[in-house]
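Notes to accompany the following structure.
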Amino acid sequence: MRIIVVGAAGKAGRAVTQLMGERGHDIITVGRTTGDVQYDISDEAQLARMWQHVGQVDAVVSAAGDVTYAPIDELTSDDFNAAWSQKVLAQINLVRTGLDHVSPRGSFTLISGVPSRDPVISATAAATVNGAVEAFVRAAAIEIAPRRINVVSPSVFTESLDDFGDFFPGFAPVDVADVARGFQKAIEGASTGEVITLP
Ligand SMILES: NC(=O)c1ccc[n+]([C@@H]2O[C@H](COP(=O)([O-])OP(=O)(O)OC[C@H]3O[C@@H](n4cnc5c(N)ncnc54)[C@H](OP(=O)(O)O)[C@@H]3O)[C@@H](O)[C@H]2O)c1
């Protein structure tokens with residue numbers, strides 16, 4: 001398959017790119033400043049140029065989306081706006097604009113995260129936007145068939161425990177290698193509209 005991976009230089013993105021490469025797929029990596037091609041998917045003009053450059057693919061992967069963690073009384077409207085535009089709207093627009101660039105039975109796999117189903121202190125922005133991404137995926141799935149769409153919703157990564165571990169007391173972390181297998185299930189499997197929770 002020809003697969004485009006947005007956020008391929010990140011922790012999750014690197015693991016997905018490695019696994020899909022080992023599976024023999026042809027990967028195009030994207031980031032704002034990293035990857036084979038550089039585009040910001042939160043900018044619609046850049047997104048249009050990205051599709052023009054990349055052409056047709058069999059699978060679209062997103063492992064991008066920055067969100068601020070802070071107590072609710074410290075989060076600003078700008079923080080929520082940024083979380084919305086980077087994590088939700090950017091991924092929605094990747095799908096919307098990608099519909100004509102994905103093969104008839106191709107797939108989209110987005111990323112969310114555990115706070116939408118299991119909230120923790122300082123993660124209201126993350127919980128909100130992750131829930132929105134998951135709702136979008138469930139709703140889009142019934143309209144874009146036979147193309148498929150799923151979302152991988154991981155716990156805190158083992159590789160991110162130094163940065164985020166204190167926000168997730170008692171949570172089982174997930175290795176990014178296992179996150180990559182969640183993406184593999186979505187890309188090579190048959191499911192659609194699924195929130196793939198990990199671990
Ligand atoms: N870390 C965790 O423990 C954890 C747990 C659950 C869920 N998640 C979610 O998983 C996703 C990836 O997390 P991560 O820790 O792997 O992140 P990361 O290491 O910061 O990597 C993010 C990657 O996405 C690219 N990127 C970001 N915004 C972009 C944009 N607008 N357009 C194009 N590329 C963009 C970045 O490259 P450039 O800098 O070159 O743009 C970078 O390669 C995030 O949505 C995060 O919320 C993370």
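The values are calculated or read from the model by the stated rules, or taken from the named source; none is laboratory data. In this text the structure is predicted, and so the values were computed from the model without any measurement. Please note: Cβ atoms are built from the backbone with ideal geometry, for glycine as well, and neighbour counts cover all protein chains shown. Accessible surface is based on the protein model in full, side chains and every heavy atom, while ligands, DNA and RNA are left aside. Shrake-Rupley method; radii C 1.70, N 1.55, O 1.52, S 1.80 Å.
Note on the range 11-89: along the principal axes its Cα atoms extend 48, 28, 20 Å, ordered by decreasing extent.
Put simply, the amide H of residue 36, placed in the peptide plane, has neighbours under 5 Å in 29, 30, leaving out anything fewer than 5 places away on its chain. At a 1.4 Å probe, what is the % contribution of carbon and sulfur to the accessible area of the range 20-120? Its accessible area is 46 percent carbon and sulfur atoms. In summary, the helical segments of the chain meeting the span-like criteria, namely a full DSSP H run, a Cα extent along the axis of 20 angstrom or more and a mean Kyte-Doolittle hydropathy of at least 0.0, are 124-144. Going by Cα centres, the range 21-46 and the range 51-129 are how many Å apart? Computed from Cα coordinates, the inter-centre distance equals 15 Å. Counting other C-beta atoms within 10 Å, and keeping those with at most 15, which DSSP coil trypsin sites (Lys or Arg not before Pro) do you find in the range 63-125? Sparse-neighbourhood loop trypsin sites (Lys or Arg not before Pro): 117. Averaged over its residues, the chain has an accessible area of 46 Å² per residue, based on protein heavy atoms and a 1.4 Å probe.
For residue 196, the amide hydrogen comes within under 5 Å of the amide hydrogens of 151, 152, 153, counting only partners 5 or more places away or on other chains and with H modelled in the peptide plane. Hydrodynamic radius of the range 2-198 by the Kirkwood approach over all distinct alpha-carbon pairs: 16.6 Å.
Maximal additional length on extending the residue 171-residue 105 stretch stands at 20.2 nm, based on 0.36 nm per residue less the C-alpha distance.
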